[in-house]
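The values are calculated or read from the model by the stated rules, or taken from the named source; none is laboratory data. Note that the structure is a prediction, hence the values are computed from the model and not measured. Using ideal geometry, Cβ is built from the backbone for each residue, glycine included, and neighbour counts are taken over all protein chains shown. Heads up: the accessible areas ignore ligands, DNA and RNA and are worked out on the full protein's heavy atoms, side chains in. Shrake-Rupley method; radii C 1.70, N 1.55, O 1.52, S 1.80 Å.
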Amino acid sequence: MPIYCPLSKNSSDKVRFVGNFCIDCTIKRLKSVVPDSVDLYQCPSCGKVSANGRDFEDLSNEFFSKFFSSLLHDQDYKAKLDVEVEKSIKVNFKKRLCEFCSRKKSKYYEVVVQLRGNLVRLSNVMAKIERFVESRGGFVAEVLKVSNGFDMHISSKEIMNEFFLLNKKY
């Protein structure tokens, strides 16, 4: 017994169906959901991109895959469709600093690590702290020379807590 498309009245005997709709209507509906143009935000400092202006990540095929699948959030498209749809979309890149680069440029910090003592030993400790902080996705905002040592301004207190838990000798 054939199924009939509610929009085009095509029969399942003549054309392929995807769910309750013929392939032609499914493609038309998918094309209507996808906009003609989208705005993406790109950080001019690091090059990461964001669809919402907040959550920045590397520009990759995975980013575009997640972005365009989020456009098809309608319940009718939750199932995996075996349909190829081709549509040109204009992508407008707007410049906006990501949170990380904004904090780095403004020398944002949450922690001041005060280092005092032998300057040779302090330079080794500072290098170790800097490597650790950068490996965890943070940054050293500033290093100030004071009369008997250095003050390091670090972007994240969580990273420094982790550093001192792992390096109890300091």
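Between residue 110 and residue 65, the contour length at 0.36 nm per residue exceeds the alpha carbon distance by 12.7 nm. Computed from the C-alpha gyration tensor, the three semi-axes of the ellipsoid equivalent to the chain are 57, 17, 10 Å, from longest to shortest. In the chain, the DSSP beta bridges split such that about 75 percent are antiparallel, to the nearest 5. Counting only Cβ charges, +1 for Lys and Arg and -1 for Asp and Glu, the dipole size of the chain around its Cα centre is about 540 debye.
Over the stretch 128-170, give the accessible area per residue in Å² for a 1.4 Å probe, as an integer. Each step should come with its number before you reach the end.
Numbers: 2530 Å² over 43 residues.
Accessible area per residue: 59 Å².
Quick one: with all protein chains in place, what share of the accessible area of the chain is carbon or sulfur, to the nearest percent (1.4 Å probe)? Can you show the working numbers first?
Working: 5680 of 11590 Å².
Carbon and sulfur atoms account for 49 percent of the accessible area of the chain.
The peptide list 104-113, 147-156, put in order of mean Cβ contacts within 10 Å with the highest first, becomes 147-156, 104-113. With respect to the chain, whose longest principal axis is taken over its alpha-carbon atoms, helix 61-71 is tilted by about 50°.
Over every pair of different alpha-carbon atoms in the stretch 21-61, take the mean of 1/r and invert it; report that Kirkwood radius in Å. Please report the intermediate quantities before stating the final value.
Details: mean 1/r = 0.0804 Å⁻¹.
With all distinct Cα pairs of the stretch 21-61 included, I get 12.4 Å.
Taking a spot 7 Å from the Cα of residue 167 along the direction of its beta carbon, which residues of the stretch 131-157 have an amide N less than 17 Å from it? Under 17 Å, as judged by backbone N against the label point of residue 167, lie 131-144, 149-157 of the stretch 131-157.
Contour minus end-to-end for residue 45 and residue 16, with contour as 0.36 nm per residue of separation and end-to-end as the Cα-Cα distance? Present the calculation step by step, with values, prior to reporting the outcome.
On the way: separation 29, 0.36 × 29 = 10.44 nm, distance 4.87 nm.
Taking residue 45 through residue 16 to full extension adds about 5.6 nm, to one decimal.
Computed over the chain with a Gaussian network model linking Cα atoms closer than 10 Å, the most mobile of 30, 122, 40 is 122.
Projecting the Cα atoms of 140, 45, 26 onto the dipole axis of the chain, where Lys and Arg carry +1 and Asp and Glu carry -1 at the beta carbon, places 140 farthest toward the positive end. A straight Cα-to-Cα reach below 18 Å connects residue 107 with the aspartates and glutamates 99, 130, 134, 142, 151, 158, residues fewer than 8 places away in its own chain not being considered.
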